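The values are calculated or read from the model by the stated rules, or taken from the named source; none is laboratory data. From a predicted model like this one, the values you see are computed outputs, not experimental measurements. Note that each Cβ is placed from the backbone with ideal geometry, even for glycine, and that neighbours are counted across all protein chains shown. Side chains are part of the model used for accessible areas, which takes the heavy atoms of the whole protein and leaves out ligands, DNA and RNA. Shrake-Rupley method; radii C 1.70, N 1.55, O 1.52, S 1.80 Å.
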Amino acid sequence: MSSVRSKLESQLEQLLVNDDEFRRLENEFDQFCPFEALGMVRSEVRHGNFLAYLLDPGRPHGFHSDALRAFLLAVSRATSQSSQTASRLKPLNVHLMDIEQADVRREWRSIDLLIVIPAEKLVIPIELKVESSQGSDQLLRYRRIVESQWPKVDGWRHVNVFLTKYEEEPIDAEHWHALNLRDLVAELDIVSARASPSPGNDSLKAYLRMLRRHHLEDADLEDIARKLWSRHREALEFLADNRPDATANLFEILKERKSVVLKSLKDIGLNVVLDAEYKNIVRFAFEQWDTLPGFKSSRWTDSKRLILLELKREKSSIAAYLYLGPGDEAARSQYLALLDKTRLHRPNARAGRDWMCLAKADMLPNQIDEDSDLDLAMEAVIGSLNKFAAKVFNHFDPILANIDGSTADITAHSGS
């Protein structure tokens, strides 16, 4: 036993003290980030505030019009292959544009960001999505508002930008250009690298670092992580197995008190039952849906239910999902046809072959640690779950009522 302990101590020393790449990774994450401290990571409102400030040439951030021009260059690359010739931007034109007097507006008529460049007779509404999904008529409504204010017949050009971290097509796709957040980050990186040291540039670097850490893939950091795992697997596995995990403790409490969770759901009028329980997942079911034609025809749970509500621990967070799982193709196809475009979670993303996420929400408003009051955290999770469950039931129950009850062969198959 002592030789095993000695070996492990030596491995930990090699990792924590002697490995230069581990120190590099540690330094990357051991930096104060004002955006994380302000709770900005998943707040679209705060992302919008910062971007509006950064893109405005008149603000005292030190970049003048460089950040705005970088944004326009990112848009020009995103529109280069578009069939919408009237709304394309060309990189050379962006380079020559007079944008010093651009008017950057925040939440004008509920539009996240709006850029008006009078010298170029160019107007750019921007819809920003970091975590949430686009509304069914949101982009169409915003486009019409802007077109009425800056008419095309008066010579105004419109470039409508849908800015998101996902590979997602905008609903009003014929009139909006999708711009991926990573492409904007690449252009702003160039601006930051060219700029002199300043408080504004420090803030921009911190913002870009936060985006990579929480929203984008970072190939460099991922490569370091792979190398560390290949060299120090046993030491890293030991650290992972023995790390303090307040979220895991909270999830265990929720599982132990699942009767309290169920009672809370029933107290708000939802007929919810326990379906299954695993290490990091608890599944619930809306009992009213059990009688729907073909509903009990799935392959992913012993109850054979096609749609389940999941409470899931994901590292340091707890999330709730409503899933349509795999099942009998004939029965599932009816549900898929009804639910595909009525999803509350990324309704325009391509549905998976076997799984479709109908809705998702975070259950913990803030991360917890070993000093957190777990009883208060449990109350917060239960409150969030109640709101989520009520929302998804009220949204999907009328839709599921349209399942064709006359499909006898499907109903018969589901009972087999």
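Computed from phi, the 3J(HN,Hα) profile of the range 147-160 under the Karplus parametrisation 6.51, -1.76, 1.60 (θ = phi - 60°) reads 5, 6, 7, 10, x, 5, 5, 8, x, 6, 9, 10, 10, 8 Hz, with x in place of Gly and Pro. Of the residues Ser43, Leu309, Thr291, the one whose Cα sits farthest toward the positive end of the charge dipole of the chain, with +1 on the Cβ of Lys and Arg and -1 on the Cβ of Asp and Glu, is Thr291. Could you identify which residue out of Asp183, Asp375, Asp112 has the top mean-square fluctuation in a GNM of the chain using Cα springs shorter than 10 Å? Highest fluctuation among the options: Asp375. How would the range 121-280 be classified by its alpha-carbon gyration tensor: rounded, prolate or oblate, with rounded meaning a/c under 1.5 and the a/b versus b/c comparison settling the rest? Because a/c hits 1.5 or more and a/b fails to exceed b/c, the range 121-280 counts as oblate. Only four residue types carry charge here, +1 at the Cβ of Lys and Arg and -1 at the Cβ of Asp and Glu. Report the dipole size of the range 313-384 about the Cα centre in Debye, rounded to the nearest 20. Around 740 debye, computed over the range 313-384.
Applying a 10 Å radius around every beta-carbon, put 124-131, 143-150, 60-67 in order of their mean neighbour count, most first. Walk me through the intermediate numbers first.
Numbers: 124-131: 22.0, 143-150: 15.8, 60-67: 18.4.
For the peptides 124-131, 143-150, 60-67, the packing ranking is 124-131, 60-67, 143-150.
Can you pick out the pairs among Lys296/Lys341; Lys315/Lys360; Lys296/Lys391; Lys255/Lys304 whose Cα atoms lie more than 20 Å from each other? Correct reply: Lys296/Lys341; Lys296/Lys391; Lys255/Lys304. Largest first, the extents of the alpha carbon coordinates of the range 158-223 on the three principal axes equal 41, 32, 14 Å.
In debye, nearest 20, what is the charge dipole magnitude of the range 181-275 about its Cα centre with +1 on Lys and Arg Cβ and -1 on Asp and Glu Cβ, if you could check?
That gives a dipole near 220 debye.
Cross-link reach is defined here as a Cα-Cα straight distance under 29 Å, omitting same-chain residues fewer than 8 places apart; for Lys90 the lysines meeting it are Lys121, Lys129, Lys152, Lys165, Lys205.
Converting phi to 3J(HN,Hα) with the Karplus coefficients 6.51, -1.76 and 1.60 and the offset θ = phi - 60°, the range 308-313 yields 9, 9, 10, 10, 10, 8 Hz in sequence order, with x at every glycine or proline.
Only Cα pairs under 8 Å and 6+ residues apart enter the sum, and on that basis the relative contact order of the chain stands at 12 percent. The residues of the chain expose on average 52 square angstrom of accessible surface per residue, using a 1.4 Å probe on protein heavy atoms.
About the centre of its Cα atoms, the chain shows a dipole size close to 840 debye [charges on the beta carbon of Lys, Arg (+1) and Asp, Glu (-1) only; nearest 20 debye].
The relative contact order of the range 309-349 comes to 22 percent, based on Cα pairs under 8 Å that sit 6 or more residues apart. Rg/Rh for the chain stands at 1.02; both radii use Cα atoms, and Rh follows the Kirkwood definition.
In units of the rule-of-thumb radius 2.2 N^0.38 Å, the range 94-154 shows an alpha carbon radius of gyration of 1.22. For the range 237-352, the direction-averaged projected area of the alpha-carbon convex hull comes to 9.0 nm².
Report the local net charge at Ala337: Lys and Arg +1, Asp and Glu -1, summed over other residues whose C-beta lies under 14 Å from its C-beta.
On the way: positive: Arg332, Lys341, Arg343; negative: Glu329, Asp340, Asp404.
Net charge in that neighbourhood comes out at 0.
If I take every Cα pair under 8 Å that is 6 or more residues apart in the range 154-204, average their sequence separation and divide by the length, what percent do I get for the relative contact order?
The value is 27 percent.
Compared with the rule-of-thumb size 2.2 N^0.38 Å for a compact globular protein, the range 321-408 has a Cα radius of gyration ratio of 1.38. With springs connecting C-alpha atoms under 10 Å apart, model the chain as a Gaussian network and identify which of Phe22, Phe71, Phe388 has the largest mean-square fluctuation. So, out of Phe22, Phe71, Phe388, the one fluctuating most is Phe22.
Would you mind telling me the share, in percent, of accessible area of the chain contributed by carbon and sulfur at probe 1.4 angstrom? Mind showing how you got there, number by number?
Numbers: 10570 of 21730 Å².
Whole-percent figure for carbon plus sulfur exposure: 49.
Need one number: the % of Cα-Cα pairs in the range 68-178 sitting beyond the 25 Å mark.
Values: 843 of 6105 pairs.
Beyond 25 Å sits 14 percent of the P(r) for the range 68-178.
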